[in-house]
Amino acid sequence: MRRSIKKVAAGLLATMMIGTMLTGCGGGNKKDSASSKKETSEINIGFSQVGAESDWRVANTKSMKSALTAKNGFKLSFADAQQKQENQTKAVREFITQGVDVIAIAPVTETGWETVLKEAKKADIPVITVDRQIKTSDDSLITAWVGSDFKKEGVKAAEWLIKEKGKEKGDVNIAVLQGTIGSSAEIGRTKGFKEGIKDQKNFKIIASQTGEFTQAKGQEVMESFLKQNKDIDVVVAQNDNMAFGAIDALKAAGKTPGKDVTIISFDAIKAALKKVQSGEINAEFECNPLHGPRVAELAKKIMKGEKVDKIQYVDEQVFTKDNTTKEVINKRAY
Amino acid sequence: MAMVEKIKNKLRGNGFLLAVTIVLFFVLYIAGAILYGDRNFTSPQVFLNLFISNAGLIIAAVGMTFVLITGGIDISIGSVIGVVCMMLAWMMEVKHMSAVVAIILVLVFGVIFGLVQGFLVAYLKIQPFIVTLGGMFFARGLTALISSDMISIENPTFLSLANYRIYFGFITYYNNRGVAMHPYIYLSVVIALLVVAISFVILRYTKFGRAVFAVGGNEQSALLMGLNPKVTKLKVYVLNGFLASLAGFAFCLNSCGGFVEQARGFEMDAIAAAVIGGTLLTGGVGTVVGSLFGSLIKGIIETIITFQGTLSSWWTRIVIALLLCFFVILQSVFKSIREKRLAQGNEK
């Protein structure tokens, strides 16, 4: 028994030695590879994505992947964080040690980035955030942000609802399916909507809970809303997947979504636009996920040393039954 | 005396499992170095990042090891980490308490949490799974109760702790962009390594450590040996509660914020790390060094997948699953061999 332990220990030692030898070799080559990288104009970009929790997100990933191709002069390292911030900090940290040229982050949460972004700054790597924003004490940690004006989306939704229901007598009971708490989309849309309906005395938010941007959770939360409150007039789902869940829950409860209950949703993915056309969703507030081309353009400019605007909003629309034609739906790529 | 011999045997058996884990870690590291050597995989910082990114996991896995050795389990630690982060953020940002007081209070909270769970397990003989399932729900619920919104920590003392780096100034390397870098670690790594070292000594060389193994190996025999299994178990859960809150502190040094969803499922990672490190879920066998390497193996798989760049990061889970399978089979083979040997010994 004892002898076998010694054998294992010897083997272990040998492996460790080989390990250090290899480390040594790798270290020596480093400078060569650095200089060869500079000659080719290929841009190494690391992209840390939230996950694949919704169709919107999948479209966003697709857009990024199709814009940051070798053909366009990029070498993309893609990391899916599975909706966990700790995975994201790990991935970003690896990008930094890999020494990528640009880091793009679609952050899971707005905060908790100080430490790792400081590491990026120290390594002289510019950071572009995509979709959700990051709060930092030091502005210089982030070079640019590409995304939607979530608060404006919320305000627009409120304006639309006031136009639709503002003149009704009696209370308008609103239930809100919030997104992942702490995400920019949730914060912006909640804030924008609340501010938008502030002066509308008969609008009452009677229930508000997170459905974590997923269909299953959206349905579950909607079911519990329906158990607690019989008369919900409006459902505001902060993304389409939760709206789908809510529609299923309403149908199961014997209500007609779009008629008995007004449904407002955000994102405007293809499947949701179909529901706008069929009348199950009353209004869709677009959140454009096609950030890839803008990020590619930004990365190239940054690498050339050009100055870029810190905030880059993408264009967005409102869809109701009136302007949602077959053509619009067919043109939708996601 | 027979009992002492038995324990010794077990330790020896575990030595082999531990060696397999350590070898596997270095095999993975070398594989990564060969595959991605041209992309800085071999830079010292990549190695140190394993510790930086997994400091919380290492601490939690060490605590878990103690619990698993007694034959128990604790599935509440992910939630405890979550609530610790939230409490830290809330105390410092909403209640404007000093960082030091907040940190001490969460550590005390961890101890009390462990004390309650330990009491229920040891004295009321409730299944540890059920007790800690309750603990898990309680702590997660408490997190949401404190604040359903995310709280970001801006306390200067805490941030300076979080950003405090210990540089290895004597090593210099260049990243792909030609910037000179010195490898560094954070405070959380120091805490994690201290926890490993101290726990190693406790488990290996103290009376308490031997009692932990004895209770996990065979509670009846432990009782006959004059040990008090109840007290030992209680102590283990208290220690684990403390380590879970310490892991939460290390985790928070990395995330600098409190958030309802934080560290969800973390307990499973800690269990996986301990099992890969050679700890038996049936109790009586395990080492903290094994759990350290178990955590690092999870880290290195993640690192390799990030360097690969195109693989879905869900592959981490799949590889971990395969490794778990491998180690569980290895353990059961090992156990049956040992039992045979013991039986032969008894016949003589």
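None of the figures in this text is laboratory data; all of them are computed from the coordinates on show. Keep in mind the model is a prediction, meaning the values are calculated, not measured. So basically every Cβ, Gly included, is an ideal-geometry build from the backbone, and we count neighbours across all protein chains shown.
Quick notes on this structure:
- Förster radius 30 Å - calculated FRET efficiency between A:THR136 and A:ASP309, Cβ distance, rounded to 0.05: 0.95
- Based on C-alpha pairs under 8 angstrom that are at least 6 apart in sequence, segment B:193-268 has a relative contact order of 16 percent.
- Shape call, segment B:146-252: gyration tensor on alpha carbons, a/c limit 1.5: oblate
- Highest to lowest packing among A:134-141, A:159-166, scored as the average C-beta count within 10 Å: A:159-166, A:134-141
- Cα gyration tensor, segment B:237-348 - rounded (a/c under 1.5), prolate or oblate: oblate
- Shape class for chain B: oblate, because the ratio a/c of the largest to smallest gyration tensor axis (alpha-carbon atoms, square roots of eigenvalues) is 1.5 or more and b/c is at least a/b.
- Note on the protein assembly as shown: dipole from Cβ charges, positive end direction compared against A:SER148, B:THR132, B:GLY118; the farthest Cα belongs to B:GLY118.
- In the protein assembly as shown, the DSSP beta bridges split such that about 20 percent are antiparallel, to the nearest 5.
- In this rough spin-label picture, where each label sits 7 Å from Cα along the Cβ direction, the A:LYS194-B:SER332 distance is 5.3 nm.
- Gyration tensor over alpha-carbon atoms, the protein assembly as shown, equivalent ellipsoid semi-axes in Å: 47, 33, 22
- Normalised by the number of residues in chain A, the mean separation of alpha-carbon contacts (under 8 Å, six or more apart) gives a relative contact order of 16 percent.
- For the peptide B:41-54, the mean number of other protein chain Cβ atoms found within 10 angstrom of a residue's Cβ is 5.
- Calculated on C-alpha atoms, the gyration radius of segment A:153-277 divided by its Kirkwood radius gives an Rg/Rh of 0.93.
- Magnitude of the charge dipole, segment B:153-234, Cβ model with Lys/Arg +1 and Asp/Glu -1, debye to 20: 220 debye
- Mean separation of Cα contacts under 8 Å, 6 or more apart, over the residue count of chain B: relative contact order %: 33 percent
- Taking packing as the residue-averaged number of other Cβ atoms within 10 angstrom, the listed peptides A:101-111, B:129-139, B:326-336 run from highest to lowest as A:101-111, B:129-139, B:326-336.
- Inter-chain Cβ neighbour average for residues B:145-151, partner chain, 10 Å: 4
- Across chain B: Cys residues that no other cysteine approaches within a C-beta distance under 4.7 Å: B:CYS256, B:CYS325
- Radius of gyration and Dmax over the Cα atoms of chain A, both given in Å: 24.4, 89
- Per-residue [θ]222 nm for the protein assembly as shown (sum of -39500 (n - 2.57) over DSSP H runs n ≥ 4, rounded to 500): -20000 deg cm²/dmol
- Taking the charge dipole of chain A about its Cα centre, with +1 at Lys and Arg Cβ atoms and -1 at Asp and Glu Cβ atoms, the residue from A:LEU250, A:GLN88, A:GLY182 reaching farthest to the positive side is A:GLN88.
- Shape analysis of segment B:199-277 yields a ratio of the Cα radius of gyration to the Kirkwood radius, Rg/Rh, of 1.09.
- With R₀ fixed at 51 Å, the C-beta to C-beta distance from B:VAL27 to A:GLU327 puts the FRET efficiency at about 0.35.
- Taken about its Cα centre, the protein assembly as shown carries a charge dipole of about 2160 debye when Lys and Arg each add +1 at the Cβ and Asp and Glu each add -1 at the Cβ.
- Counting only other chain Cβ atoms within 10 Å of each residue's Cβ, the peptide B:153-163 averages 2.
- Each peptide in B:75-87, B:107-119, B:296-308, B:312-324 gets a packing score, the mean of other Cβ atoms within 10 Å over its residues, and the list from highest to lowest is B:75-87, B:296-308, B:107-119, B:312-324.
- Charge dipole (segment B:222-348, unit charges on Cβ, about Cα centre) - positive-most of B:GLY248, B:PHE334, B:ILE300: B:PHE334
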